[in-house]
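S.K.: After the structure tokens below, expect a handful of questions from me.
The values are calculated or read from the model by the stated rules, or taken from the named source; none is laboratory data. Here the structure is a predicted model, which means the values were calculated and not measured. Quick reminder, even Gly has a Cβ in these numbers, built from the backbone with ideal geometry, and neighbours come from all protein chains shown. Just so you know, the surface numbers come from the protein's heavy atoms only, side chains and all, with ligands and any DNA or RNA stripped out. Shrake-Rupley method; radii C 1.70, N 1.55, O 1.52, S 1.80 Å.
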Amino acid sequence: MIVFDKLWATMKERGFSAYKLREQCGIDSKTIRRLKANENIETKTLDKICSALGCRVEDIMEFVENKDD
């Protein structure tokens, strides 16, 4: 399962709020909700987030084993 826990830590490090991320990336509040719920996100959205934050994809997401499987 892909989780976006690292995203929130990276945002905090760089002084980004969810609002600032939305404004700089051009993503909507629905996408922010999807990130918070660890739901599917398009790769172009990941690219926008990494560009805005000046980071690598591994700084905002990671794979963790799904304990339910």
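S.K.: Under a plain spin-label model, where a point goes 7 Å from the Cα along Cα-to-Cβ, how far apart in nm are residue 51 and residue 18?
M.R.: 2.4
S.K.: Per residue, how much accessible area does the chain have with a 1.4 Å probe, in Å²?
M.R.: Values: 4780 Å² over 69 residues.
Dividing the accessible area of the chain by its residue count gives 69 Å².
S.K.: Between residue 32 and residue 1, what length comes free when the chain is fully extended (0.36 nm per residue of separation minus the Cα-Cα distance, one decimal in nm)? Walk me through the intermediate numbers first.
M.R.: Values: separation 31, 0.36 × 31 = 11.16 nm, distance 1.78 nm.
Difference between extended and current length: 9.4 nm.
S.K.: At a probe radius of 1.4 Å, what is the per-residue accessible area of residue 14, in Å² to the nearest 10?
M.R.: That residue has around 90 Å² of solvent-accessible surface.
S.K.: Go through (1) 20, 13, 11; (2) 16, 14, 11; (3) 36, 17, 13 and flag the label whose value is the computed semi-axes √(5λ) of the Cα gyration tensor in Å for this structure.
M.R.: From the options (1) 20, 13, 11; (2) 16, 14, 11; (3) 36, 17, 13, the structure gives (1).
S.K.: If packing is taken as the average count of other Cβ atoms within 10 Å, what order do 36-46, 3-13 fall into, highest mean first? Could the numbers behind the result be given before it?
M.R.: On the way: 36-46: 12.0, 3-13: 15.1.
Ranked from most to least packed, the peptides come out as 3-13, 36-46.
S.K.: Also, I was wondering about something else. If you roll a 1.4 Å probe over the chain with all protein chains in place, what percent of the accessible area is carbon or sulfur? Spell out each step's value before the answer.
M.R.: Working: 2190 of 4780 Å².
The nonpolar share, carbon plus sulfur, comes to 46 percent.
S.K.: Just list whichever of 6/48; 6/36; 12/44 have alpha carbons separated by over 18 Å in the model shown.
M.R.: 12/44
S.K.: For residue 44 and residue 67, what does the FRET efficiency come to when R0 = 30 Å and r is the distance between their Cβ atoms, rounded to the nearest 0.05?
M.R.: On the way: r = 30 Å, r/R0 = 1.00.
Using R0 = 30 Å, I get an efficiency of 0.50.
S.K.: What does the net charge come to around residue 20 if you take all other residues with beta carbon closer than 12 Å to its beta carbon, with K and R at +1 and D and E at -1? Mind dumping the intermediate values first?
M.R.: Numbers: positive: 12, 14, 22; negative: 23.
Cβ neighbours under 12 Å give a net charge of +2.
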